[in-house]
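Peer 1: Just passing along the structure, written as structure tokens.
FYI, it's all coordinate maths here, none of it is from the lab. Quantities reported herein were computed from a predicted structural model and do not represent experimental measurements. All Cβ positions, even for glycine, are placed from backbone atoms using ideal geometry, and neighbour counts span all protein chains on display.
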Amino acid sequence: MVKARARFQARVAKSALISGITGQDGSYLAELLLSKGYTVFGLVRRLSVPNLGNLRPIAERVTLIDGDLMDQSSLNAAVQKAAPDEVYNLAAQSFVGTSFVQPVLTGEITGLGVLRILEAVRAHAPHARVYQASSSEMFGHVDREPQDEMTPFHPRSPYGVAKVYGYWACINYREAHGLFVANGILFNHESERRGFEFVTRKISHGVAMIHVGRAKTISLGNLEAKRDWGYAPEYVDMMWRMLQQDIPGDFVGATGEAHSVEEFAAAAFEVAGIEDWKKHVVVDEKNFRPAEVYNLRGNPAKAKRALGWEPRTKFHDLVRIMVEADIAGLQAGTIPVRPVS
Ligand code: NAP
Ligand code: G4F
């Protein structure tokens, strides 16, 4: 019995390297892996002001390694130092809007950065299992609904194009070099840790600002766009499950339900008890994209079948979680008062 437990513990005491650990998903994933007994290393890039807020609850329990997806030697050194069993590549220039303004940088980080991670793993930890944060933005201009693992890609932004490059680089390293590499094709997932520029957080924070009397309106773009929005902590569990399989594969992660930006806004104002929400929303041309992705809805059947993964949080609960967290954070002074346009 004691021997069996020791063997079990030896088996679960794995180490993981997470790129993008300071972001929404990276911080939730680090918490999940720590709860499973992993030794967690996180890659962080140099910023003029450190950006470790999401890691506050676990700051003492993760080892941070300096490195940047733009810089091959730092990735080689990070992989050597962490000697990981699992590598989660979550780092990216992840905002679609910015990718139209900084397309080359986005290609470098979000596209070529994947190749640099794969090269570092191939050279220094070829037995490590790799998770790649692929995206439903790869589907882009869709010709069928819902989208699944067989749906063709038609990306509509430099971000989407870069993600397609990363996706195929992973499959190529699987086929050419025998690496264990898995693509999670995840649809939008949100939380109280979401960046302020993404539409859900822009709305939840904007509504909270109006609720506490610090703003009167929110400036938005295309209210008709539809997304399949889930809750981020549940999606990092899917990432982990993908790396526990015997054979690497690619999986869609989604709720199977789509809602419009307008529905999200209406629900958010309702949570805050603000009536006549249209009075508080200004539609501004500057928030529209040169090429829009109008409608995304995923089919997570493969993930359910093979991984036993299923999202639980429903759309209205997600909206409530985000709006209540922003109202509480503004009232407590733990969330910044910032412009909402
Ligand atoms: P996020 O909050 O924007 O986090 C991105 C992370 O990447 C941050 O930790 C950021 O570090 C890091 N990063 C950016 N450029 C880097 C560089 N050059 N070198 C090293 N690190 C760099 O994104 P997220 O929402 O957690 O998403 C995680 C991943 O999943 C991303 O790849 C995203 O494209 C993909 N994805 C997200 C969703 C979604 O709905 N959230 C859906 C599908 C796919 P700093 O803190 O220093 O900026
Ligand atoms: O919240 P968004 O900026 O997210 P988007 O473009 O769907 O990308 C997110 O999800 C992807 C997965 O599909 C990830 F790969 C990616 O990293 C990121 O996490 O915009 C959602 C929709 C768009 O159609 C946009 O045009 O909302 C529309 N929208 C309308 N008004 C707005 C606004 N988006 C933003 N950011 N700001 C607005 O004012």
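Peer 1: Longest span of the chain, sites excluded, free of GluC sites (Glu not before Pro) in DSSP loop with at most 13 other C-beta atoms within 10 Å?
Peer 2: Details: sites that count: Glu197, Glu224, Glu275.
In short, 1-196.
Peer 1: Please state the charge dipole magnitude for the chain, taken about the Cα centre, from unit charges on C-beta atoms (+1 on K and R, -1 on D and E), reported in debye and rounded to the nearest 20.
Peer 2: 940
Peer 1: Next question. Which ³J(HN,Hα) values, rounded to whole Hz and listed in residue order, are derived for segment 58-67 from phi using the Karplus coefficients 6.51, -1.76 and 1.60 in 6.51 cos²θ - 1.76 cosθ + 1.60 with θ = phi - 60°, glycine and proline given as x?
Peer 2: With coefficients 6.51, -1.76 and 1.60, one gets 10, 3, 7, 10, 10, 9, 8, 10, 5, x Hz.
Peer 1: Moving on to the next point. Kindly provide the chymotrypsin sites (Phe, Trp or Tyr not before Pro) of segment 160-250 that DSSP labels as loop, not H, G, I, E or B, and whose Cβ sees at most 15 other Cβ atoms within 10 Å.
Peer 2: Hits after loop and neighbour filter: Phe196.
Peer 1: Another question, then. Based on the Cβ-Cβ distance of Lys304 and Thr217, what FRET efficiency does E = 1/(1 + (r/R0)^6) give at R0 = 30 Å, to the nearest 0.05? Don't jump to the answer; show the numbers that get you there.
Peer 2: Numbers: r = 41 Å, r/R0 = 1.36.
Working from the Cβ atoms, E equals 0.15.
Peer 1: In nm, give the distance between the simple-model label positions of Arg312 and Leu105, each being 7 Å from the Cα along the Cα-to-Cβ direction.
Peer 2: Reported label-point gap for Arg312 and Leu105 is 3.9 nm.
Peer 1: Which of the trypsin sites (Lys or Arg not before Pro) found in segment 199-251 are loop residues per DSSP with 16 or fewer other Cβ atoms within 10 Å of their Cβ? Kindly include the intermediate steps, with their values, before the conclusion.
Peer 2: On the way: sites: Arg201, Lys202, Arg214, Lys216, Lys226, Arg227, Arg241; in loops: Arg214, Lys216.
Listed in order of number, the matching sites are Arg214, Lys216.
Peer 1: Which value, in debye to the nearest 20, describes the size of the charge dipole of segment 17-97 about its Cα centre when Lys and Arg Cβ atoms bear +1, Asp and Glu Cβ atoms bear -1, and nothing else is charged?
Peer 2: 160
Peer 1: Let me ask you something else. Cross-link list Lys163/Lys304; Lys163/Lys279; Lys36/Lys202; Lys202/Lys302: which exceed 29 angstrom alpha carbon to alpha carbon?
Peer 2: Among Lys163/Lys304; Lys163/Lys279; Lys36/Lys202; Lys202/Lys302, the Cα-Cα distance tops 29 Å for Lys163/Lys279; Lys36/Lys202; Lys202/Lys302.
Peer 1: Shifting gears a bit: Under the rule of -39500 (n - 2.57) per DSSP H run of 4 or more residues, summed and divided by the residues of the chain, what mean residue ellipticity at 222 nm is obtained, to the nearest 500 deg cm²/dmol? Write down the numbers at each step before the final one.
Peer 2: Values: 12 runs with 136 residues, N = 341.
Value at 222 nm, helices only, nearest 500: -12000 deg cm²/dmol.
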